[in-house]
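Just so you know, all these numbers are worked out from the coordinates, no wet-lab data involved. These numbers were taken from a predicted model, which means no experiment stands behind them. A quick note on method: Cβ atoms are made from the backbone with ideal geometry, for glycine too, and the neighbour counts reach across all protein chains shown.
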Amino acid sequence: MKRVLILGGGFGGIATAVAVRAQLDPADQIVLVDRRPSFVMGLRKNWALVGASSLAEGTRRLADLERGGITVVQGDVTAIHPADRAADVDGRRREADALVVALGAEHDAERVPGFREFAIDAYDPDASARGREAIERLTAGRVVIGIFGVPYPCPPAPFELAMLLASRFAERRTGASVTVFSPLPLSLPILGSAGCATVESRLAGAGVEFLAARQATAVLDGSVQFGEDRLTFDLLLGVPPHRPPAVVVAAGLTRGGPWIPVDRLTLETNFPGVYAIGDVTAIPLANGQMLPKAGVFAEAQGNVVAERVAAGFAGRASAARFTGEGACFFELGAGTAAMVAGRFLADPPDVRLSEPSPEHLAAKRAFEVDRLQSWFGR
Ligand SMILES: Cc1cc2nc3c(=O)[nH]c(=O)nc-3n(C[C@H](O)[C@H](O)[C@H](O)COP(=O)(O)OP(=O)(O)OC[C@H]3O[C@@H](n4cnc5c(N)ncnc54)[C@H](O)[C@@H]3O)c2cc1C
């Protein structure tokens, strides 16, 4: 009997577990560990904030994966022993023949003084109801959507939130305005300056103010501080800085860097039989940027790892490689979405913004429904 231990039951961990289960002998054991009892896709967070749909509609119990032959353990990963392909879950050691680290990126709101007190974390599902109520109460004033650090998951998401809010405010005929700020010099650097000009003109067309190259240093009651400058707000929806989970750093997996370096084609770490996928990794691109943190990549990487693990157990070579091809959705309001799509690992990366269309919005909805259906059966 072989054992696969997957740390993290988010986008990448679930995709890996389901894919590897389909390829192994029923006697082989697949254990998926997460501290949370349920899964919800990131894309639901914006829908919940703007009131387009609820988090609950897209939430599934991880325990339901057990029906598909995956052992789900709810608990905290308290230590990882990569040299032994083992981890401690709530202090209890679990050993494996293959170990997959899919622990994602953690919020690091404490890095910004005042963030916890005066901002609503736009990426925290537990803050979603509070954010939604604050948005609903607003009849005038300025909503600021602030990107407080890079990298952050799903680079288009804060701009999508801005477009959806601007569209909501226009429908409700409120006098509220929307501003987005980013520490980066461009909105979505992966698109290059021409693609960013298109994004920024769409923001301007919707009445959204975009402030580039603004590194916030603190949040005060009613204003964000950028060194000497201040930006006032009536409501601040913040994307906090992100960091890898401390347990990953303590295990030596980041090798002194901020994220786990992996072989970008095979997702192997420098420990034999140990893979890392998704937001916890850093994959450099040919243009010096990093692969954006996105569920679609975490899933594709999980599929590669599943195939490689199964091949390794069967004693055969695997040709499975992560190609870096993929697309993220960028909803623009008025029932449309665009795609940020292309070949991210090409030299140079070939990534474009599509024209917005209702079909892309339908594809975004299907993206969620299809995965929930195939992973959880509903
Ligand atoms: C608003 C928003 C919109 C998005 N839209 C899209 C989109 O349209 N398309 C797309 O592809 N991506 C999108 N994303 C990005 C996507 O959600 C992430 O990139 C994806 O979830 C990363 O998958 P992952 O498996 O690496 O990490 P996660 O899905 O974050 O999973 C990590 C898991 O590890 C668990 N964990 C962490 N530490 C521990 C520990 N010590 N012990 C136990 N468990 C632990 C966590 O509870 C979590 O469940 C969006 C994100 C946001 C915030």
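Full extension of the chain between ASP126 and ARG230 yields a length gain of 34.6 nm, computed as 0.36 nm times the residue separation minus the alpha carbon distance.
Comparing THR78, ALA176, ILE120 along the charge dipole axis of the chain, the residue lying farthest to the positive side is THR78, per the Cβ-charge model. Each label point was placed 7 Å from the Cα along the Cα-to-Cβ direction; for ALA86 and ARG365 their separation is 5.0 nm. For GluC sites (Glu not before Pro), no site in the stretch 301-344 is both called loop by DSSP and has at most 13 other Cβ atoms within 10 Å.
Annotation: peptides 309-322, 268-281, 236-249, ranked by per-residue average of other Cβ atoms within 10 Å with the highest first, follow the order 268-281, 236-249, 309-322. For the chain, a Kirkwood hydrodynamic radius built from all Cα pairs, placed in the Stokes-Einstein relation at 20 °C and 1.002 mPa s, yields a translational diffusion coefficient of 100 µm²/s. In the chain, with Lys and Arg counted as +1 and Asp and Glu as -1 at Cβ, which of these residues, ALA363, GLY312, GLY377, has the Cα nearest the positive end of the dipole, that is, farthest along it? About the Cα centre, the residue reaching furthest to the positive side is GLY377. Projecting the Cα atoms of LEU186, PHE226, GLY238 onto the dipole axis of the stretch 108-241, where Lys and Arg carry +1 and Asp and Glu carry -1 at the beta carbon, places LEU186 farthest toward the positive end.
With a cut-off of 8 Å between alpha carbons and a minimum separation of six or more residues, what is the relative contact order of the stretch 108-241 in percent? Intermediate values should be presented prior to the final figure.
Working: 242 pairs, mean separation 52.3, N = 134.
Taking the mean separation of contacting Cα pairs over the length of the stretch 108-241, I get 39 percent.
Could you grab the relative contact order for the stretch 1-140? Cα pairs under 8 Å, six or more apart, rounded to a whole percent.
Working: 228 pairs, mean separation 40.8, N = 140.
Reported relative contact order: 29 percent.
Can you give the helix-only mean residue ellipticity at 222 nm for the chain, where every DSSP H stretch with n ≥ 4 adds -39500 (n - 2.57) and the sum goes over all residues, rounded to the nearest 500 deg cm²/dmol? My calculation for the chain gives -9000 deg cm²/dmol from helical runs alone.
Among the lysines, which have Cα under 24 Å from the Cα of LYS2 when same-chain residues fewer than 8 positions away are ignored? Counting by Cα, and skipping residues close in sequence, LYS2 has no lysines nearby.
Suppose R0 equals 41 Å. What FRET efficiency, 1/(1 + (r/R0)^6) with r the Cβ-Cβ distance, do SER318 and ALA194 give to the nearest 0.05?
Values: r = 38 Å, r/R0 = 0.94.
With a Förster radius of 41 Å, E is 0.60.
Under the convention that each Lys and Arg Cβ holds +1 and each Asp and Glu Cβ holds -1, the size of the dipole of the stretch 104-251 around its Cα centre is about 320 debye.
The charge dipole of the chain, taken about its Cα centre with unit charges on the Cβ of Lys, Arg, Asp and Glu (plus for the first two, minus for the last two), comes to roughly 400 debye.
So if we plug the beta-carbon distance of ASP25 and ARG142 into 1/(1 + (r/R0)^6) with R0 = 51 Å, what FRET efficiency do we get, rounded to 0.05?
It comes to 0.30.
The packing ranking of peptides 357-363, 165-171, highest mean first, is 165-171, 357-363, where packing means the average number of other beta carbon atoms within 10 angstrom of each residue.
May I ask you to order 4-10, 93-99, 218-224 by the average number of other C-beta atoms within 10 Å around their residues, highest value first? All intermediate terms of the calculation are to be shown ahead of the outcome.
Numbers: 4-10: 27.1, 93-99: 18.6, 218-224: 16.7.
Highest to lowest by the protection proxy: 4-10, 93-99, 218-224.
Normalised by 2.2 N^0.38 Å, with N the number of residues, the alpha-carbon radius of gyration of the stretch 51-197 equals 1.38.
Between amide H atoms placed 1.01 Å from N, distances below 5 Å from LEU211 occur with VAL180, PHE181, SER182, all of them 5 or more places distant or on a separate chain. Within the straight-line cut-off of under 28 Å between alpha carbons, the lysines reachable from LYS45 are LYS293, LYS364, sequence neighbours fewer than 8 places apart in one chain being disregarded.
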